[in-house]
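A short worksheet on the structure shown next.
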């Protein structure tokens, strides 16, 4: 696990201009059309209004000693770029169907209790 004080500067140096989305970064996703179910689950969660990525990052970065690390424009760009990722996955699913695109990487396990043994 990365220490939060180290993670923010590493991540933030790569945000670039908030008004410019580099769609070529989506090439691996577009070409392979595969994503782990757990990753997709988390991305979809961060796209919901109660867990919006920009809000989560804003809260996390507010505790950073270098605050403000990202401008509001950068935070809004995160939401916009997340939407682009989810739309790309949606296009893959529409084209190929869900099973080959969304790869199951975790299985719900049945809980075994001592009384069940």
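Percent relative contact order of the range 28-104, based on C-alpha pairs within less than 8 angstrom and at least six residues apart? Please list the in-between numbers first.
On the way: 56 pairs, mean separation 38.4, N = 77.
Dividing the mean separation by the residue count of the range 28-104 yields 50 percent.
Determine the shape class of the range 28-104: with a ≥ b ≥ c the square roots of the Cα gyration tensor eigenvalues, call it rounded for a/c under 1.5, and otherwise prolate if a/b is greater than b/c, oblate otherwise. In terms of gyration-tensor shape, prolate.
A short reminder: the numbers here are calculations on the coordinates, not readings from a lab. Everything quoted here is computed from the prediction, not taken from an experiment.
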